Amino acid sequence: MSYKLLFVLNAVVVVAFGLLLLIVPATGLAQFDMTVRGQEVFMARVIGAALVSLGLLLWFAKDTDEAAQKNFGMAALAGTVLSLIVTIIGIATLVKGFGWVAVVVEVLFGLGYAFILFLQPKMK
């Protein structure tokens, strides 16, 4: 596995979900059985814009040098862990529906980044 592959996969996932929240926020929120009021729609669009930005950063990070890719990988791992914590808290208290899908995606990307950063160098 390479940084380039993981960055591309992560970019595609976050851009797709970001565009969903940006363009049709009510549909995105409905997947998690969340209420759809004006405030939630606004925040979903803000989060969607942030996810699209993250996806673009990851997309362009795939073509950087190895040292920069390692730094982007560390940041992505930290962000994935934080997102996983927030998602688990959300599922335990508020979010229903497909919240578990977000947990699975976050765990998979977290494991991918942890593997590339910590295990793969020892295998060489």
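The values are calculated or read from the model by the stated rules, or taken from the named source; none is laboratory data. Worth saying up front: this structure is predicted, and the values here are computed from it rather than measured. Backbone-built Cβ (ideal geometry, glycine too); neighbour counts: all protein chains shown.
Taking segment 84-124, which residues are without any contact (Cβ under 8 Å) to a residue 40 or more places away in the chain, within 18 Å of GLN69 (Cα to Cα) and in contact with a helix residue (DSSP H, G or I) (Cβ under 8 Å, 6 or more places away or on another chain)?
Scanning segment 84-124 gives GLY110, ALA114.
Only one of THR87, THR64, THR93, THR35 is among the hydroxyl-bearing types (Ser, Thr, Tyr) and within 28 Å of LYS122 (Cα to Cα). Can you tell me which?
None of the others qualify; the one that does is THR64.
Here are some residues: GLY99, GLY90, GLY55. Which one is closer than 19 Å to LEU9 by Cα and not acidic (Asp, Glu)?
So the residue among GLY99, GLY90, GLY55 that is closer than 19 Å to LEU9 by Cα and not acidic (Asp, Glu) is GLY55.
Run THR87 past the list (1) farther than 16 Å from GLU106 by Cβ; (2) at pLDDT below 95; (3) crowded, with 17+ Cβ neighbours inside 10 Å and report the number of the one that doesn't hold.
Status for THR87: all satisfied but (1).
Sort out which residues of segment 90-123 are among the small types (Gly, Ala, Ser), at pLDDT 90 or above and more than 13 Å from the chain's Cα centre (by Cα), and write them in order of number.
ALA114
So, of the residues in segment 19-45 that are touching a residue at least 40 places away in the same chain (Cβ under 8 Å) and not polar (S, T, N, Q), which turns out to be surrounded by the fewest Cβ atoms within 10 Å (Cβ to Cβ)?
ASP33
Determine whether VAL81 is farther than 19 Å from SER2 by Cα, in contact with an Asp or Glu (Cβ under 9 Å, 6 or more places away or on another chain) and either at pLDDT 95 or above or exposed (fewer than 13 other Cβ atoms within 10 Å of the Cβ) (or both).
yes
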